[in-house]
Each structure stands twice: as structure tokens, then as C-alpha cells.
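The next block holds one structure in the form of C-alpha cells; read it before the comments.
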Amino acid sequence: RKEVEQDPGPFNVPEGATVAFNCTYSNSASQSFFWYRQDCRKEPKLLMSVYSSGNEDGRFTAQLNRASQYISLLIRDSKLSDSATYLCVVNLGGGDKLIFGTGTRLQVFP
Amino acid sequence: GAVVSQHPSWVICKSGTSVKIECRSLDFQATTMFWYRQFPKQSLMLMATSNEGSKATYEQGVEKDKFLINHASLTLSTLTVTSAHPEDSSFYICSARNRDYGYTFGSGTRLTVV
């Protein structure tokens, strides 16, 4: 079983749509959780950290369910510029390595 | 903010030759450097973790004699792919960790071995 699993997509949505991505992780000792965005042939960039209480950053909302070992990302009012691969990332804490999911590809069309 | 400069951004080399990739942290000290590899349509896979002044810790299945990592200073880490073969063609990315800035990624190196 992969340590971090995501639906690879692609998700093809029109501008203005709301889209949700899910992710599950296998190690219950995971301490930190993130969503990264990766554009084609570029390095991943941190989109947002994910906190137990859930958190929002503009059009982006992240949720964490530790009991189910499940993380989600909701994007509202999709823009063309949101087209990218979204990577779910977990970490055991203490400066340990980041463990990446395979990513979910999003394509927003006009 | 924290910046990691990674060079080269792309390289084409002949089979059997060696390629060195450098990552420099420009305005902070990287206590730990992580080296990742990403094949097309796959995620980033950690190859090794290095701390300044000590030997790198390699992930299972990664040959330490083939992928040489040097982290001689707090601002420079290098990955050398020795005797490269076409199956080593991939996107290599470094990530520097610092207590103040968290994880900062280099811009990646696209290696093509012909």
C-alpha cells in the first residue's frame, strides 16, 4: 500500500466550478500535512498546510480527519490558472522527510 | 524568503558519463538536504537525506555508489549521478530544510541520458 494515496484524475472542470480532492495516508504517526501545487516540469510549491481544525486560504479550504487518516482540498470558483497537479504531502514531524502522494491533475477550461 | 538555487536546470549526457547537480541555499543555512527523483506522471520519490558534515542516508533501493551525495557545507549540497544510463533520465529536485523556513525546493534538474 502506498504511504499517501490520491486519485490521479484528471479532473476537467469549467471556470467557476468547485472541485474537491481527497487523499489518504497510511502512517497514523504522521504529524504534519500539506497540499503542494506542481506545474508541469516545475518544482512543487507549498499551497497550504492542513490543520486538524480545518483551514481556509481564500478560495482554498483544507480539511484533516486524523481518525480516518484522510485529507481533503476544496477549490471554489476555479480559475484557469488553477490548472496544475495537486500533491498531498505528509510528514512524521521533527524535520523528517516529506512523503508525497502521486498527485491529482486538475484542468480548468474556459 | 528562502531560496534554493539548483543547477543545471537541464542536462543531456551520454551513457556512461557522470553528471553533477548542485543545490545552494542562498540566504539561509540548510541543516538538512533531501534529494528527490520524479519520473513522468509519478510523484516525487525521496532518494536520500543528507545532513551537513555527515554521510547521506539512502532510501531502500537507491544505490549509494551510483548516486553520490556531498553536503560539505550548510549552503551547498551536490548529487552526482555516476555512470549514467538512460533509465536514470528523470527530474531531480533538492529540498533544503531549515528551522526558520521549513522546506524549500530547488527548481529541479531535468536529466536526459542518451
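Just so it is clear, none of the values below were taken in a lab; they were calculated from the coordinates. All values derive from a computational prediction rather than experimental measurement. Reconstructed Cβ throughout: ideal geometry from the backbone, glycine too, with neighbour counts over all protein chains shown.
Listing for the model above:
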read-out: For region A:60-69, 3J(HN,Hα) per residue [Karplus equation, 6.51 cos²θ - 1.76 cosθ + 1.60, θ = phi - 60°, Hz, x = Gly/Pro]; value: 10, 10, 10, 10, 10, 10, 5, 4, 8, 6
read-out: Spin-label model distance (nm) - A:Asn12 vs A:Lys45, 7 Å beyond Cα toward Cβ; value: 2.6
read-out: Dipole magnitude of chain A about its Cα centre (Cβ charges: Lys, Arg +1; Asp, Glu -1), debye to nearest 20; value: 160
read-out: Cα gyration tensor shape for chain A, rounded if a/c is under 1.5, else prolate or oblate; value: prolate
read-out: Nearby lysines by direct alpha-carbon distance to B:Lys20 (threshold 21 angstrom, same-chain neighbours under 8 apart not counted); value: A:Lys42, B:Lys55, B:Lys64, B:Lys66
read-out: Shielding of A:39-51 by partner chains, average beta-carbon count, 10 Å; value: 3
read-out: Virtual spin-label span in nm between A:Ser52 and B:Lys64, 7 Å along Cα→Cβ; value: 3.7
read-out: Efficiency of FRET from Cβ geometry, A:Lys2 and B:Arg99, R₀ 25 Å, rounded to 0.05; value: 0.25
read-out: For the protein assembly as shown: rounded, prolate or oblate by the Cα gyration tensor [a/c cutoff 1.5]; value: prolate
read-out: Separation of the B:Val114 and A:Tyr70 label points, Cα + 7 Å toward Cβ, nm; value: 5.0
read-out: Charge-dipole axis of chain A as Lys and Arg at +1 and Asp and Glu at -1 on Cβ define it, positive-most pick from A:Ser78, A:Ser30, A:Gly58; value: A:Ser30
read-out: Phi to ³J(HN,Hα) by Karplus 6.51 cos²θ - 1.76 cosθ + 1.60 over region B:79-96, Hz, x for Gly, Pro; value: 10, 10, 8, 8, 6, 5, 10, x, 5, 7, 4, 5, 9, 9, 10, 9, 9, 9
